[in-house]
Amino acid sequence: MDRIHIKNLRLRCTIGFAEHELREEQDVVISLVLYTDIRAAGESDDPADLLNYRTINKAIIRQVSGARYKTLEALATAIARLVVVEHGVQKVRVAVYKPGALRFTDDVGVIITRRPGDFLPQGQDQKESGHG
């Protein structure tokens, strides 16, 4: 499967659950690998055949900027859901880092990989799907 990389998207949001983390927005750094088939665009050289990663990037900016998340895990999952469910990406790897989160480190982060089947359809809860 082909891959498109979006590296080091730097945004600000409220992230954390400790009192000092809730006072102001903090930096987060997001990198993605979008797994998709880019053969059509490679053969045709036609922008109409592309996965529009600019649109995906803008959607992530809208979703994250100014938002509130308690955990990096929830933030990464929200981004993955946006990419695979709303933008039709076959598989995504999302890395989210929080610079300065731990003393004596550059950052701390999580990396997740998700596919559309990892998310329940809107309005379906775990009991309906047999997962609860």
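The values are calculated or read from the model by the stated rules, or taken from the named source; none is laboratory data. Just so we're clear, the structure is a prediction, and the values are computed from it rather than from any experiment. Counting neighbours? That spans all protein chains shown, and the Cβs are built from the backbone with ideal geometry, glycine included.
Here are a few things to note about the model shown:
- Selection count, region 77-107, where residues are out of contact with any Asp or Glu (no Cβ under 8 Å at 6 or more places or on another chain) and either without any contact (Cβ under 8 Å) to a residue 40 or more places away in the chain or farther than 21 Å from E25 by Cα (or both): 18
- In region 10-30, residue surrounded by the fewest Cβ atoms within 10 Å (Cβ to Cβ) [restricted to those that are of a type in the set (A, V, I, L, M) and more than 13 Å from G109 (Cβ to Cβ)]: A18
- Count of region 1-20 residues which are within 15 Å of G66 (Cβ to Cβ) and either among the hydroxyl-bearing types (S, T, Y) or out of contact with any helix residue (DSSP H, G or I) (no Cβ under 7 Å at 6 or more places or on another chain) (or both): 3
- Residue count, region 76-112 (criterion: of a type outside the set (A, V, I, L, M, F, W, C), within 27 Å of E21 (Cα to Cα) and surrounded by 14 or more Cβ atoms within 10 Å (Cβ to Cβ)): 8
- In region 39-68, the residues that are within 13 Å of the chain's Cα centre (by Cα) and either in a helix (DSSP H, G or I) or more than 18 Å from A95 (Cα to Cα) (or both): Y53, I56, N57, K58, A59, I60, I61, R62, Q63, V64
- Among the residues listed as R115, R93, the single one being at pLDDT 95 or above, farther than 23 Å from L11 by Cβ and not β-branched (V, I, T): R115
- Qualifying residue in region 27-35 (condition: under 23 Å from V64 (Cβ atoms), at pLDDT below 95 and in a loop (DSSP other than H, G, I, E, B)): no
- Only residues that are out of contact with any strand residue (DSSP E or B) (no Cβ under 7 Å at 6 or more places or on another chain) and touching a residue at least 24 places away in the same chain (Cβ under 8 Å) were counted in region 27-51, giving 1.
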